[in-house]
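> Got a structure here, written out as structure tokens. Questions coming.
Taken together, the values in this text are just the output of simple stated rules run on the coordinates, not laboratory data. Quantities reported herein were computed from a predicted structural model and do not represent experimental measurements. Note that each Cβ is placed from the backbone with ideal geometry, even for glycine, and that neighbours are counted across all protein chains shown.
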Ligand code: MN
Ligand code: MN
């Protein structure tokens with residue numbers, strides 16, 4: 001990793017830290033998810049960052065990949081996971097938090113389970129652990145609190161303009177004896193009172209370009225040009241395209257999906273429909289040190 005790269009990762013992380021604080025201030029029960037999404041993404045831009053992917057606003061048993069459409073009337077409630085990404089020149093800070101919006105704060109311990117798992121995993125990173133040891137730390141922390149980790153969701157390596165760069169950091173002891181080379185990584189434990197597995201549900205209104213080729217429909221072509229110009233192969237939201245292109249956005253995206261040009265991300269839903277909490281931070285590992293870029297010290 002060269003100096004410029006490290007600087008960009010840190011800068012993206014600083015913006016993510018400030019955005020995390022802002023999210024804690026504005027996330028109240030009853031706010032429309034679409035308002036929350038706009039505010040968070042505007043904040044990132046105001047602070048000088050670019051959006052690495054649409055903010056995920058996933059409630060209760062939806063573990064990840066939900067983003068409201070423009071007409072969505074869903075309000076913030078229950079157990080809300082807020083997962084967002086900031087990038088500077090493609091160098092990404094990926095971070096998430098869970099907020100309990102129930103009146104009786106019934107999810108306190110479930111939130112603590114994923115937060116502690118993340119904290120403990122980040123603590124042992126300094127000792128150059130194997131992937132199995134990281135996963136075991138996460139699993140044991142969550143199970144000690146009598147919850148289950150979600151085993152088919154995981155942390156990951158990051159690379160320029162790439163959110164999932166090939167290496168998987170497990171949320172359970174999976175036997176992998178590999179260690180982490182220098183690079184950028186996100187650790188993201190998910191804890192649940194359910195079975196601990198997710199399945200792919202309906203569309204979460206998040207898309208990315210997977211095969212840039214021509215399309216005859218002129219709205220679809222305009223949308224594609226706009227999305228590629230702004231995001232390249234990073235994910236973008238239906239909501240933003242609705243703001244930009246109006247009612248045709250939905251149809252255009254469906255057409256682009258059918259033509260194999262864009263990928264539609266499904267919502268990731270807990271199998272037994274029990275609530276899920278998540279915590280996530282990004283760190284960079286250089287030849288000298290480990291820096292957790294998104295964590296306030
Ligand atoms: Mn994330
Ligand atoms: Mn991530």
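> Hey, what angle do you get for helix 33-46 against the long axis of the chain, alpha-carbon based, 0 to 90 degrees rounded to 10?
80
> Calculate how steeply helix 3-26 sits against the longest principal axis of the alpha-carbon atoms of the chain, using the helix alpha-carbon long axis, and give the answer as 0 to 90 degrees to the nearest 10.
Roughly 90 degrees between the two axes.
> Tell me, in nm to one decimal, what length is gained between residue 130 and residue 181 on full extension, where the rule is 0.36 nm per residue of separation less the Cα-Cα distance?
17.3 nm
> Taking other Cβ within 10 Å of each residue's Cβ, how do 195, 112 sort, fewest first? Intermediate results must be reported in sequence, preceding the final value.
Working: 195 14, 112 19.
If I rank by nearby Cβ atoms, fewest first, I get 195, 112.
> Determine which residues of segment 89-127 fall in the zone a paramagnetic label at residue 7 would reach in this model, i.e. backbone nitrogen under 13 Å from the point 7 Å along Cα→Cβ.
89
> How much space per residue, in cubic angstrom, does the convex hull of the C-alpha atoms of segment 14-85 take up?
80
> When Rg is the radius of gyration of the Cα atoms in segment 91-130 and Rh is its Kirkwood radius, what does Rg/Rh come to?
Here Rg/Rh amounts to 1.12.
> Based on the Cα coordinates of segment 7-48, what is the per residue volume of their convex hull in Å³?
Output value, Cα hull per residue: 56 Å³.
> With the calculation restricted to Cα positions, what are the radius of gyration and Dmax of segment 55-205 in angstrom?
15.7, 48
> How large are Rg and Dmax for segment 204-267 when calculated on the C-alpha trace, in angstrom?
In order Rg, Dmax, the Cα atoms of segment 204-267 give 10.1, 29 Å.
> First obtain the Kirkwood hydrodynamic radius of segment 191-297 from its Cα pairs, then insert it into the Stokes-Einstein equation at 4 °C and 1.567 mPa s, and state the resulting D in µm² per second as a whole number.
Using the Kirkwood radius from Cα pairs, D works out to 79 µm²/s.
> If you bin every alpha carbon distance in the chain into 5 Å steps from zero, what whole percent lands in each bin?
1, 6, 12, 16, 18, 18, 14, 9, 5, 2, 0, 0
> Taking the 0 to 90 degree range and rounding to the nearest ten, how far is the long axis of helix 131-144 tilted relative to the main principal axis of the chain, both from C-alpha atoms?
The answer is roughly 80 degrees.
> Could you check the spin-label model distance between residue 274 and residue 146? Points 7 Å from the Cα along Cα→Cβ, value in nm.
Using points 7 Å along Cα→Cβ, the separation is 1.1 nm.
> What percentages make up the Cα-Cα pair-distance distribution of segment 1-141 when the bins are 5 Å wide from 0?
2, 10, 16, 18, 19, 17, 11, 5, 2, 0
> Shifting gears a bit: By count of other Cβ within 10 Å, fewest leading, how are 7, 133, 25 ordered?
Taking fewest neighbouring Cβ atoms as first place, the list is 25, 7, 133.
> While we're looking at this one, here's another question. From Cα pairs below 8 angstrom and at least 6 apart in sequence, can you work out the relative contact order of segment 204-267, rounded to a whole percent? Don't skip to the answer; put the middle values down first.
Working: 79 pairs, mean separation 35.0, N = 64.
Relative CO of segment 204-267 lands at 55 percent.
> Where the centroid of each part is defined by its Cα atoms, how far is segment 60-118 from segment 261-297 in Å?
If we compute the Cα centre of each part, the gap is 10 Å.
> Moving on to the next point. What is the spin-label model distance, in nm, from residue 108 to residue 217 if the labels are put 7 Å beyond Cα along the C-beta direction?
Result for the modelled spin labels: 5.0 nm.
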